[in-house]
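> Mind looking over this structure? Questions follow.
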Amino acid sequence: MSIRSGRWLLVALLSLLLLLATVTPVLAADPVTLELLAPQQVALGDKVEVTAVLRDGNGVPIRGGTVNLWTPATFLSTGGAIDLGRATTDAQGRATFRYEARTEGPVALNAYFPGDSRYAYAQGSAELKAQGTAQLYQSTAGVRVPGIGVWLLVGLLGGVWTTYLAVMVFLSLIAREGSRAPVEAGGHRG
Amino acid sequence: MDKVKNDRREELERTVLRPLTRTGKGYYLVVGFLVLVVLWGLYAYSTQFRNGLIVTGMRDRILWGFYIILFVFFIGISHAGTLISAILRVVKAQWRTPVTRMAEFITVVALSVGGLMPIIDLGRPDRIPNLVLFGRWQSPILWDVLSITTYLTGSIIYLYLPLIPDLALCRDRLGKEASAWKRGFYRIASIGWQGTQRQKRYLSIAMASMMVLIIPVAVSVHTVVSWIFAMTLREAWNSTVFGAYFVAGAIFSGIAAIIIIMAILRRAFHLERYITNQHFINLGYMMGGFTLIMMYFNVSEYVVTGYKMAGETSFHFLQLMAREYAPFFWMYTIGGMVVPGLIILFPRTRTFKGVLIAAGFVLVGMWLERFIIVVAGLRVPLMPYEPSWYLPTWVEWSIMAGAFAMFGLVIAIFSKLVPVISVWEVAEQYEEAEALETAPPHGGRQPATQPLHVEGASGTAPAPGDTAGGMP
């Protein structure tokens with residue numbers, strides 16, 4: 001065996017070992033299921049509970065697993081995933097999230113468990129539908145002074161338009177006076 | 001004495017009413033040209049209406065252009081009239097009488113044309129009802145809509161009130177010389193004015209109410225216009241003095257507009273006897289005063305923000321003073337403020353022609369000022385992106401030309417419908433001047449301004465405003 005053949009053999013062996021080290025845990029990982037539970041209908045703006053349940057292949061809850069919740073979204077021509085949160089499963093295998101429905105219509109919710117040395121990767125999804133026309137955005141800009149606001153604006157405008165109305169009354173008085181007074185020569189005098 | 005008085009009044013009426021019944025070829029040529037430009041502007045707008053705002057130079061980064069510049073410009077000019085006229089009336093400036101009518105009319109026309117600009121800028125005029133349906137009281141845009149409609153209504157009333165006696169004059173004097181529809185218009189619009197004591201009292205109360213009310217309304221309008229900018233989170237518009245700065249700029253450009261339009265109408269209708277050079281010089285003094293106010297505001301604004309150089313101020317200052325917009329900025333600063341100020345300052349240049357040239361400089365300068373505020377202000381990047389450019393397209397140039405032509409056209413039509421000088425107020429001023437002259441030398445109060453003198457046997461008198469003291 002030449003030195004060159006021995007080097008190739010060594011590389012092949014090391015590669016095989018590396019492959020085994022990578023694949024073995026996966027092959028060995030137990031299969032799991034991830035079920036995502038969410039209400040089907042919610043009112044726009046409601047905060048609802050979304051629960052992910054993680055179980056192993058025998059249906060036994062897995063404790064301490066990290067579950068990620070996300071929803072797909074598009075903005076202009078760009079699509080992506082919005083990360084909604086991360087939670088750890090309890091003794092019942094439940095990871096609980098609080099989700100606020102801020103857009104009207106159906107929302108696709110997705111969860112995944114990334115897997116670890118023991119359990120395999122798993123994912124689940126659910127769809128909820130948000131309905132309503134509530135105004136969710138409340139501006140906090142500006143200074144709030146009691147008594148100064150819309151009514152001040154209305155009051156100011158009301159004052160101006162009332163004066164206009166009073167002027168109109170004077171115009172009608174001029175017209176009435178004109179219909180009473182006899183036409184004089186040079187009556188146009190200012 | 002009575003004969004002299006009557007002759008003078010007759011001549012005043014004849015001169016001022018002549019344009020209402022006689023029209024020269026030149027007038028039709030000017031009107032024809034203006035109509036063509038307006039039609040071209042309408043064609044440009046129809047192109048924009050069909051294809052959307054993509055045919056303009058406005059894009060997502062610089063999202064306002066000529067339309068908003070014109071909006072601010074015309075609303076500014078509108079201050080010419082009502083505000084200046086009201087202030088002159090309130091302080092009883094003797095020389096005001098031949099000026100007020102034109103000033104008040106400029107207000108109404110400028111407001112109407114300026115008010116169209118945001119609608120054109122909207123791209124989708126069918127969405128205008130949304131302002132009412134979904135408008136928020138907290139938005140300066142809604143304040144703007146409310147204040148402009150209030151101001152326009154007030155300005156129309158304020159224009160109409162002193163017109164009533166003159167409409168009655170047209171009704172009584174023009175007779176068959178006026179066309180049938182004009183006669184009908186004068187009859188209806190003069191609402192039966194006979195000049196009785198009661199009618200005079202009612203008119204006086206109405207005018208006094210309006211002249212006091214219209215001043216705060218006018219000030220509020222341009223303050224609110226400035227808030228559209230100042231209440232937006234933009235580096236270049238972060239200013240607490242924008243309201244006062246806009247009001248001062250509006251009156252400044254308004255005076256310039258009055259001077260130019262007065263000069264054109266005086267020439268066209270041979271009103272030299274009533275609108276004298278002294279009127280222009282008096283308005284020139286006002287314009288000179290506002291030049292100083294504008295300079296003060298500019299120095300105050302740029303020195304304070306430049307001293308701190310916070311955020312993107314350095315970008316804005318560089319683009320204004322040394323880079324992309326430096327020609328506009330310096331043309332505005334030097335051409336729009338320094339040069340007019342110097343023209344008014346020196347007695348040698350403080351003439352009719354000098355004031356007229358200064359007014360031209362001011363109008364161009366103030367248009368550039370609005371360009372700098374709107375376009376350069378929007379060019380300052382909000383995020384780390386490349387600064388954009390605004391290049392107006394033929395559609396925007398055409399609509400701007402159409403707007404100016406419409407402004408001129410409406411004034412031209414108005415000048416053929418009603419007297420451009422308030423005849424009864426000028427006549428009253430003559431009577432007051434005569435009363436002062438005939439008063440015993442030590443018995444009465446001293447006049448605030450030098451009285452008008454009756455010259456020679458012909459009974460001709462210097463026109464109102466020919467006071468030796470200049471500004472009263």
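> Anything in the range B:70-97 that is assigned to a helix (DSSP H, G or I) and β-branched (Val, Ile, Thr)? List them, or say none.
Across the range B:70-97, the qualifying residues are B:Val72, B:Ile75, B:Ile77, B:Thr82, B:Ile84, B:Ile87, B:Val90, B:Thr97.
> Have a look at B:Arg323, B:Arg348 and point out the one that is of a type in the set (Lys, Arg), free of Cβ contacts under 8 Å to residues at least 40 places away in the same chain and farther than 23 Å from B:Trp64 by Cβ.
Testing whether each residue is of a type in the set (Lys, Arg), free of Cβ contacts under 8 Å to residues at least 40 places away in the same chain and farther than 23 Å from B:Trp64 by Cβ leaves just B:Arg348.
> Do we have B:Leu363 as closer than 27 Å to B:Val247 by Cβ and open to solvent by 20 Å² or more (accessible area, probe 1.4 Å) here?
So B:Leu363 passes the test.
> Going by the structure shown, is A:Ala108 open to solvent by less than 70 Å² (accessible area, probe 1.4 Å) and farther than 19 Å from A:Gln40 by Cβ?
Answer is no for this residue.
> Show the residue pairs that are 6+ apart or on different chains and have beta-carbon atoms under 6 Å apart, the first residue being within the range B:89-115 and without any contact (Cβ under 8 Å) to a residue 12 or more places away in the chain, the second being of a type in the set (Val, Ile, Thr).
So the pair list comes out empty.
> Cβ-Cβ distance below 7 Å, separation of 6 or more or different chains: which pairs start in the range B:17-34 with a residue that is more than 16 Å from B:Phe407 (Cα to Cα) and end on one that is at pLDDT 90 or above and assigned to a helix (DSSP H, G or I)?
That search, which allows pairs on different chains as well, returns B:Leu17/B:Cys170; B:Pro19/B:Ser415; B:Leu20/B:Cys170.
> Related question: Quick one: what pairs do we get from the range A:75-91, first residue closer than 22 Å to A:Ser125 by Cα, second exposed (fewer than 10 other Cβ atoms within 10 Å of the Cβ), C-beta under 9 Å, 6+ apart or different chains?
Filtered contacts from the range A:75-91: A:Gly80/A:Thr74.
This table checks each residue for (1) outside any loop (DSSP other than H, G, I, E, B); (2) aromatic (Phe, Trp, Tyr); (3) open to solvent by 50 Å² or more (accessible area, probe 1.4 Å).
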site	(1), (2), (3)
B:Arg350	no, no, yes
B:Gly354	yes, no, no
B:Ile372	yes, no, no
B:Pro392	no, no, no
B:Gly402	yes, no, no
B:Ile413	yes, no, yes
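> Quick one: in the range B:292-330, which of the residues that are under 22 Å from B:Leu233 (Cα atoms) and not in a helix (DSSP H, G or I) is least open to solvent (accessible area, probe 1.4 Å)?
B:Tyr325
> Considering only residues of the range B:120-140 that are in a helix (DSSP H, G or I) and surrounded by 15 or more Cβ atoms within 10 Å (Cβ to Cβ), which is nearest to the other protein chains (Cβ to nearest Cβ)?
Once the filter is applied, the top-ranked residue is B:Pro140.
> Right, next: For B:Leu233, all conditions in the list (1) closer than 26 Å to B:Glu312 by Cα; (2) in a helix (DSSP H, G or I); (3) modelled with pLDDT under 90 hold save one; what is the number of the exception?
Of everything listed in (1) closer than 26 Å to B:Glu312 by Cα; (2) in a helix (DSSP H, G or I); (3) modelled with pLDDT under 90, B:Leu233 misses just condition (2).
> Where residues in the range A:118-174 are among the aromatic types (Phe, Trp, Tyr) and facing chain B (nearest Cβ under 10 Å), which of them is surrounded by the fewest Cβ atoms within 10 Å (Cβ to Cβ)?
Among those that are among the aromatic types (Phe, Trp, Tyr) and facing chain B (nearest Cβ under 10 Å), it is A:Trp151.
> Another question, if that's okay. Would you confirm whether or not the range B:80-103 contains a residue that is of a type in the set (S, T, N, Q), open to solvent by less than 10 Å² (accessible area, probe 1.4 Å), touching a His at 6+ places or on another chain (Cβ under 9 Å) and at negative phi?
For the range B:80-103, residues of a type in the set (S, T, N, Q), open to solvent by less than 10 Å² (accessible area, probe 1.4 Å), touching a His at 6+ places or on another chain (Cβ under 9 Å) and at negative phi: absent.
> Filter the range B:181-199 for residues that are open to solvent by 70 Å² or more (accessible area, probe 1.4 Å) and either acidic (Asp, Glu) or without any contact (Cβ under 8 Å) to a residue 12 or more places away in the chain (or both) and give the result.
Passing the criteria: B:Trp181, B:Ile188, B:Gln197, B:Arg198.
> Identify all residues within the range B:160-180 that are open to solvent by 20 Å² or more (accessible area, probe 1.4 Å) and within 9 Å of another protein chain (Cβ to nearest Cβ); write none if there are none.
Once the filter is applied, which keeps residues that are open to solvent by 20 Å² or more (accessible area, probe 1.4 Å) and within 9 Å of another protein chain (Cβ to nearest Cβ), the range B:160-180 yields B:Tyr160, B:Arg171, B:Asp172, B:Arg173.
> May I pose another question? Looking at (1) within 8 Å of another protein chain (Cβ to nearest Cβ); (2) under 26 Å from the mean Cα position of the chain (by Cα), find the lone condition where B:Gln199 falls short.
(2)
> Among the residues of the range A:55-104 satisfying the criterion of being in contact with a strand residue (DSSP E or B) (Cβ under 6 Å, 6 or more places away or on another chain) and of a type in the set (Val, Ile, Thr), which is surrounded by the most Cβ atoms within 10 Å (Cβ to Cβ)?
Ranking the candidates gives A:Val67 first.
> Now for a separate question. Hey, does the range B:62-71 have a residue that's closer than 17 Å to B:Gly402 by Cα and in contact with a Phe, Trp or Tyr (Cβ under 7 Å, 6 or more places away or on another chain)?
The answer is yes, given that some residue of the range B:62-71 is closer than 17 Å to B:Gly402 by Cα and in contact with a Phe, Trp or Tyr (Cβ under 7 Å, 6 or more places away or on another chain).
The values are calculated or read from the model by the stated rules, or taken from the named source; none is laboratory data. If you're wondering where the values come from, they're calculated on a predicted model, not measured in any experiment. A quick note on method: Cβ atoms are made from the backbone with ideal geometry, for glycine too, and the neighbour counts reach across all protein chains shown. When the accessible area is computed, the model is the full protein with side chains, heavy atoms only, and any ligands, DNA or RNA have been set aside. Shrake-Rupley method; radii C 1.70, N 1.55, O 1.52, S 1.80 Å.
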